[in-house]
Amino acid sequence: MSDNRNTILAVILSGLVLIAWQYFYNVPQMEKQRAEQQRQAELQKPTPQATPGQTTTTPAPSAGTTPAATQPAAAGPIVSRDAAISATPRIKIDTPRLSGSISLRGARIDDLALVQYRETVEPASPPIVLFSPSQTAAPYYAEFGWVPATGSTARIPDQTTVWQQEGTGSLTPTTPVTLKYDNGDGLTFRRTIAIDDHYLFSIKDEVSNVGTAPVTLYPFALISRHGTPQVSGYYILHEGLIGYLGDQGLQEYAYKKIDDAKSVSFNVTNGWLGMTDKYWATALLPDTTAKLAARYQSNAVGTTHNYQTDYLQEPQTLAIGGTISANARLFAGAKEASVVGINFPLVGFGGYNRQLGLNHFDLLIDWGWFYFITKPMFLALDWFYRLFGNFGVSILLVTVIVKLLFFPLANKSYASMAKMKSVQPQLQALKERYPDDRVKQQQEMMEIYKKEKINPIAGCLPVALQIPVFFSLYKVLFVTIEMRHAPFFGWIKDLSAPDPTNLFNLFGVIPFDPTTIPVFGHYLWLGVWPIIMGITMWFQMKLNPTPPDPTQKIIFDWMPLIFTFMLAGFPAGLVIYWAWNNLLSVLQQSFIMRRNGVKVELFDNLKSTFAKKAT
């Protein structure tokens, strides 16, 4: 009766684990994917056109303080990106990785798309849009300039100022552009903008004074984002405001956190700050020696939250007949490890982190607490990718290397499991000798283990060793853009996304999506690779000795099925890793069992399983 009760309890608990996993992981993930698809569709819809020359204005920076948080216009329709872009004079941005334009009204960098990255795996899908002008559905832009000292009456260019381009031509990696504004009172502002062949803008602001009085000005820079963006929402990934601010270290504020805090200020040297999405980011990169009054801010306008990261540098006094200047840099693009940089002993990428001497800029990519595993894991995957041109093959090869590294520990574990297999007849005899005395069974069992030098816990070691590696690979697949839209073979077009096939529509034979069925649809997501993974895990379980305890046995019997459904919504690359690792473990364990004189009863166990079901 006790065994039956334990069996029933194990089945119930296994079912609850499966249901909870689906509810708290797969369901939110699918809902987020659908919401993102809907949002992208809404952004592509035509919207009412703006009146030519109409634009969104923002408050001028307060005198002598960090620039005020930007706000949308009190009135005016939301317009399409094309309408907003065409409403202002612009300078084209044209590089191998970026396309867009700089608005001459306000000299904002507010139109930017990543031409090498698409919204879907289809090559003809739209490029990823990073920056958008004001009055669009999701304004996002960078702005630079000067703030006058308190009490100053000097006219400083603001968001409504129309600058003039000196010369002609587009902004390219070989042709910087220069903008000019004369305030009519003796101050002439010049801004030279350069861009490299990746994602770095360099901005040099100069002011000359031919007026009648000196002027004190503060250089500033800001990144503004209107509306709370769609985020992945997983605890293993930070999306929101980010910066490494001098000796205050890494400062990460999710959108909800900064909504609660409203504003956070930092007085630092050698810092950078910006906003990060899963794969894309923007960051202000001032000179490493500059003293900054930096700030994160959230400003609520009705039900909409606007976010800003900005900094104010120390004041400069512009004498009559003199000139002052300030330098700024803007990163706006994809978080490619080779471009951003990776700090790791002996190996790694320099990127902007080393090139510009930045303070831990590699943390723009969220390597997590297990960075000592995730970083070398990524570097190994990337190295094999450069050799073979396929990240799926890289995963298979890295798995082999991991197995070799852990071979000594796994060897001891499997040897212990082989010995446990050899004493199964003695353990069965104990159960027959003391059928009603569980305590006596356990005592005699421990004596056998002690005599044969068997560690029963050692059997769990291979699985325990996989956990940090499994999590680290999951982290790498989840956060690195190099894995985004990376194909394997066959139907796997994106290793960072779940297997797109589904058993419950016969892998596409039946033309409908089972996951859309009300109530139960979220549980009907099971692709080919998760099934392969479940089968390999089942083989591995059948290779091991049958646990003497009925409760353990029923849990082990159900475990492959539970893991199959649990991993169905995980990235395909992770499931491929787990399946390949299981297969290697079966081969390794079979070899060790033969070497220890223990019969490999995998096929006998499988045969007996089906024989029991047949009867």
**Item:** ARG386 versus PHE344: modelled label distance in nm, points set 7 Å from Cα along the beta carbon direction
**Value:** 1.2
**Request:** Starting from the Cα of LYS431, draw a straight line to each of the aspartates and glutamates and keep only those under 15 Å, dropping any in the same chain fewer than 8 residues away.
**Result:** ASP3, GLU444, GLU447, ASP549
**Request:** Could you tell me the accessible area of PHE507 in Å² (1.4 Å probe, neighbours in place), rounded to the nearest ten?
**Result:** 100
**Request:** Determine the order of THR175, THR515 by accessible area, beginning with the largest, at a probe radius of 1.4 Å.
**Result:** THR175, THR515
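Which net charge results for the neighbourhood of GLN588, defined as the other residues with beta-carbon distances under 13 angstrom from its beta-carbon, given Lys and Arg at +1 and Asp and Glu at -1? Let's see the in-between values first.
Working: positive: LYS403, LYS412, ARG594, ARG595; negative: none.
My count for the surroundings of GLN588 gives +4.
Determine the order of GLU336, GLU252 by accessible area, beginning with the largest, at a probe radius of 1.4 Å.
GLU252, GLU336
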**Asked** For THR288 and ASN267 in one chain, what is 0.36 nm times their gap in residues minus the Cα-Cα distance, to one decimal in nm?
**Response** 6.2 nm
**10 Å binning of all Cα-Cα separations within region 365-524, expressed as whole percents from 0 upward** = 9, 23, 21, 20, 18, 8, 0
**Request:** For region 273-330 and region 148-193, write down the distance between their C-alpha centroids in whole Å.
**Result:** 17
**Request:** Run through all the Cα pairs of region 110-189 and give the fraction in each 10 Å bin from 0, expressed as whole percent.
**Result:** 14, 30, 32, 16, 6, 1
**Asked** Given N residues in region 277-356, what is Rg(Cα) / (2.2 N^0.38 Å)?
**Response** 1.49
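Shape of region 235-393 from its Cα gyration tensor (a ≥ b ≥ c, root eigenvalues): rounded if a/c is under 1.5, otherwise prolate when a/b > b/c, or oblate? Could the numbers behind the result be given before it?
Numbers: a/c = 2.37, a/b = 1.46, b/c = 1.62.
It comes out oblate by the Cα gyration axes.
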**Asked** Tell me, what is the 1.4 Å probe accessible area of LYS278, in Å² to the nearest 10?
**Response** 40
**Prompt:** Taking K and R as +1 and D and E as -1, what net charge do the other residues with C-beta under 14 Å from the C-beta of VAL575 add up to?
**Reply:** -2
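The values are calculated or read from the model by the stated rules, or taken from the named source; none is laboratory data. All of these numbers come straight from a predicted model, not from anything done at the bench. Backbone-built Cβ (ideal geometry, glycine too); neighbour counts: all protein chains shown. Remember, those area values only see protein heavy atoms, side chains included, never the ligands or the DNA or RNA. Shrake-Rupley method; radii C 1.70, N 1.55, O 1.52, S 1.80 Å.
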